[in-house]
1. May I ask you to list pairs of residues, at least six apart or on different chains, whose Cβ atoms are under 9 Å apart, with the first in region 130-157 being within 17 Å of residue 231 (Cβ to Cβ) and the second being in a strand (DSSP E or B) and at pLDDT below 90?
2. Could you go through region 215-235 and let me know if any residue there is modelled with pLDDT of 95 or more, in contact with a strand residue (DSSP E or B) (Cβ under 6 Å, 6 or more places away or on another chain) and among the polar types (S, T, N, Q).
3. Would region 105-117 turn up any residue that is aromatic (Phe, Trp, Tyr), over 25 Å from residue 184 (Cα atoms) and within 23 Å of the chain's Cα centre (by Cα)?
4. Which number in (1) at pLDDT below 95; (2) open to solvent by 10 Å² or more (accessible area, probe 1.4 Å); (3) in contact with a strand residue (DSSP E or B) (Cβ under 8 Å, 6 or more places away or on another chain) marks the one condition that residue 241 misses?
5. When you scan region 12-102 for strands (runs of 3 or more DSSP E) that lie fully inside it, which ones turn up with 2 or more residues that are more than 20 Å from the chain's Cα centre (by Cα) and surrounded by 15 or more Cβ atoms within 10 Å (Cβ to Cβ)?
6. Does region 225-241 hold any residues that are within 14 Å of the chain's Cα centre (by Cα) and either closer than 20 Å to residue 195 by Cβ or not in a helix (DSSP H, G or I) (or both), and which are they?
7. Scan (1) open to solvent by 40 Å² or more (accessible area, probe 1.4 Å); (2) more than 16 Å from residue 184 (Cα to Cα); (3) touching a residue at least 60 places away in the same chain (Cβ under 8 Å) for the single condition residue 295 breaks and write down its number.
8. Using the structure shown, decide if residue 275 is hydrophobic (A, V, I, L, M, F, W, C), free of Cβ contacts under 8 Å to residues at least 12 places away in the same chain and closer than 30 Å to residue 207 by Cα.
Amino acid sequence: MIERTVYVDLDTRSYAIRIAAGALGLKDALARHIDGPDALVVSNDTVAPLYAGRIQPALGSARHELVTIADGEQHKNLAAVETIIDALVGMGANRDTTVIALGGGVVGDIAGFAAASYQRGVNFIQVPTTLLAQVDSSVGGKTGVNHQAGKNLIGAFHQPVHVLIDLETLATLPPRELAAGLAEVVKYGVLGDLEFFAWLESNMAALRALDHAALTEAIARSCTAKALVVAADEHERNQRALLNLGHTFGHAIETVAGYGAWLHGEAVAAGMVMAAVASDLAAADVERLQALLAAAGLPTAPPPVGGENLWQAMQLDKKVLSGQVRLVLLRALGDAYVTADYDQGALERALAMADG
């Protein structure tokens, strides 16, 4: 079995990210991270029928219950959090109960926020079943839900105590969802690792074919990159904002197009291209980025929702400070930075991509 472990260094709150094919079948893989007598497994109505039963060996003898929420970004709201809280109350959960998120990024974000909120915080474990969640949302402790005015406007930082990644869960992932996860993988190369970007250019076909060796390498390198940034800036005061490359534009696309119309990774892919244009990057570099995204099966331009509409949605981005929209831009491929001082003409060219 190919297995890798990546560590997130947060002093007394440090935790491991365990990556292995068949991880859900590893005896007590989750039980050893459950301190109290009870656990609540949170999943959705798509993932639960596939993996809620297969997780049993990893839970060992830990007592647990299952609650499912509706599938989809459009259901990432406070009503879903209340469903989980109701389940915790119903099972008489105390502060030593552990919440286990079994699903994609939406499940992880909602379950994590419920865990952060219940009795002012209980432990939770991430078991991400989508590539996007495995390389991004399951790591770093960002939890939360959407508001109709914007994505992730309600939330909290709440680190998991463990992340368990089973590569075999990707076998049931629709191709569109796999491609969405590859957008976040590409992001790590674009923002700070040109060597990884080149590796992806050579290995994209293997990743799309679900080659376990290639997936293990890509997931481990992505998680390592994120872990280093999170350890240096847990609460996104400065450096961690780099991880939002493509996200300011991407979140605006999701908001304006309507949650669920575009998958998160699809919006981030288009957002990265828009960021490259707003950076006034060399045309050859923009084309190289577009080529890699296209090879991953991703869009390379935003939908025709209107540049002005995107700009209005961007005003509510979490990186806005003192009324100024900060953007993650590029000096070159592999060299990102955060700034509120950008070329207005280049920004307008990027937004015009959405005018259709």
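The values are calculated or read from the model by the stated rules, or taken from the named source; none is laboratory data. These numbers were taken from a predicted model, which means no experiment stands behind them. When we count neighbours, we look across all protein chains shown, and the Cβ atoms used for this are built from the backbone with ideal geometry, even at glycine. In case anyone asks, the SASA skips ligands and DNA or RNA and just uses the protein heavy atoms, side chains included. Shrake-Rupley method; radii C 1.70, N 1.55, O 1.52, S 1.80 Å.
1. 142/152
2. Yes, the conditions are met somewhere in region 215-235.
3. Looking through region 105-117, none of the residues is aromatic (Phe, Trp, Tyr), over 25 Å from residue 184 (Cα atoms) and within 23 Å of the chain's Cα centre (by Cα).
4. Going through the list (1) at pLDDT below 95; (2) open to solvent by 10 Å² or more (accessible area, probe 1.4 Å); (3) in contact with a strand residue (DSSP E or B) (Cβ under 8 Å, 6 or more places away or on another chain), residue 241 breaks only (2).
5. 38-44, 63-69
6. Listed by number, the residues that qualify are 225, 226, 227.
7. (2)
8. no
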